[in-house]
Amino acid sequence: MLAVRAGTPYLPWHDPREATRLLRYALHREGFTHTYQSSGNGMSVLSVTTELTVWCRKGTFVWDEDGLTVTHPAADPAGAARLLKRRLRGPVGSEDSRPGAPGSADRHPTDSVR
């Protein structure tokens, strides 16, 4: 059991398990409902897809994106969920897919009702 001084406010991002739980809930609201969380030894891990695992330790979310390590403050699980959503869903449906956006000439509009 960790010693905590009386009167110290509870900050969920100081607990990796709680910060990861909040990230998991934020991702669930974005439609990523098949996630798996495990916690222990001062860190927590969230398996989002078979290709994406997010670690939380020492107040930071960490994941790999195209061979680069990405970090995001654990105090902002909703922001991390937005970044992960963009990474997982790509540019389709994001601001970058609007007509006239850089690279939008490569995408053709469809009459699909998806």
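Each value in this text was obtained by applying a stated rule to the coordinates, not by laboratory testing. Computed from a prediction, not measured in an experiment: that's the story for all the values here. Note that each Cβ is placed from the backbone with ideal geometry, even for glycine, and that neighbours are counted across all protein chains shown.
Above 20 Å lies some portion of the pair distances; for segment 12-87, what is it as a whole percent of all C-alpha pairs?
Here the tail beyond 20 Å accounts for 17 percent of pairs.
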Open item on the list: Could you check the spin-label model distance between residue 65 and residue 49? Points 7 Å from the Cα along Cα→Cβ, value in nm.
Closed with: 1.4 nm
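Any chance you could run the full-extension gain for residue 83 through residue 33? It's 0.36 nm times the residue separation minus the Cα-Cα distance, nm to one decimal.
The residue 83-residue 33 span can extend by a further 16.4 nm.
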- [ ] Rank these for me by crowding, 55, 63, going from fewest to most other beta carbons within 10 Å.
- [x] 55, 63
